[in-house]
1. Working from Cα positions, state the angle (0 to 90°, nearest 10) between the long axis of helix 187-197 and the longest principal axis of the chain.
2. Going down the list 58/195; 156/189; 38/189; 71/195; 71/156; 58/189, which pairs span over 31 Å between their C-alpha atoms?
3. Describe numerically, in nm with one decimal, the distance between label points set 7 Å from Cα along Cα→Cβ at residue 96 and at residue 143.
4. Modelling each spin label as a point 7 Å along the Cα-to-Cβ direction, I'd like the residue 41/residue 56 distance in nm, to one decimal.
5. Order of 57-64, 114-121, 129-136, 85-92 by packing, highest average Cβ count within 10 Å first?
6. Specify the angular offset, from 0 to 90 degrees and rounded to the nearest 10, of the alpha carbon long axis of helix 116-144 from the longest principal axis of the alpha carbons in the chain.
7. Sticking with the crude label model, points 7 Å out along Cα→Cβ, report the distance from residue 29 to residue 208 in nm, one decimal please.
8. Assuming 1.567 mPa s and 4 °C, estimate D for the chain with Stokes-Einstein, Rh taken as the Kirkwood radius over Cα pairs, in µm²/s.
Amino acid sequence: MLQGPSAARFVIFASVEHEALGAFVVERSAPGLTVGEKVGALALDAAGLAPLTLDQVKVPAEQRLMGGTPKIQELFVRAALRGAARMVGGARTAYQTALSYAQTRTTFGKPIGHHQAVGFLLADMATAVDSMRWLVWNAAAAIDEKQPDALLQACKAVAEVQETGMWLTNQAVQVHGGAGFIQDLPLEKWMREAKAVMSFGLTPQSADAISADIMLGRTDLPLSDLLPAAAIQPVLL
């Protein structure tokens, strides 16, 4: 659970009889709730990840968040889209850092960006950043305007942005060569964070599966399709 070491209360998702899923606000002091020690993470370590254990925890009815399955579905989609927006920011910064380096690092008497292999890669990276940003803007507008295809647009954005963001941050490391993966520069951190975002709530594989179902006419999408497998705990930011 994010902010586990310091949070005063938590939103817990649990199965509810005759319903797909319910959301409950659980106080940190609730009997039966145990918050574990902060665990190390591959990326976003400052967010504070800690395991929660619930043993016969009981909460009053007024601590249940109402709205039903559609609202919970929207929550997970919005959370995934926020992760995609973060991915755009990280990818854009990684590209700008690579561009600056390519203009100042010289080999064979000229900046490495003037060599076609690097120059073409930078052009592809710039195009990718703009494409990622447009997809997120388009999906966010569809959700805000409650467009009929909002879920499809969001899933398309999440899948493409996560995959492309991982590719782009990796290429930014590659442009820097050996300097790219040492911790003197933030590039390796941005690449690790891109990978971490791909595990938040809605993975690119799940997003692709939902997009395919929608495009092929399936309308009875269960909420479980929006969640990772049981072995991969969802993280919402």
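1. 30 degrees
2. Checking Cα-Cα distances, 58/195; 58/189 exceed 31 Å.
3. Label-label distance for residue 96 and residue 143, simple model: 2.4 nm.
4. 3.2 nm
5. Result, highest mean first: 85-92, 129-136, 114-121, 57-64.
6. 30 degrees
7. Simple spin-label model gives 4.9 nm for this pair.
8. Working: Rh = 19.7 Å.
Approximately 66 µm²/s, per Stokes-Einstein.
Every number in this text was worked out from the coordinates using simple rules, so none of it is lab data. What you see is a predicted model, and the numbers here were worked out from it, not measured in a lab. Cβ coordinates were reconstructed from backbone atoms using ideal geometry, including for glycine residues, and neighbour counts include every protein chain displayed.
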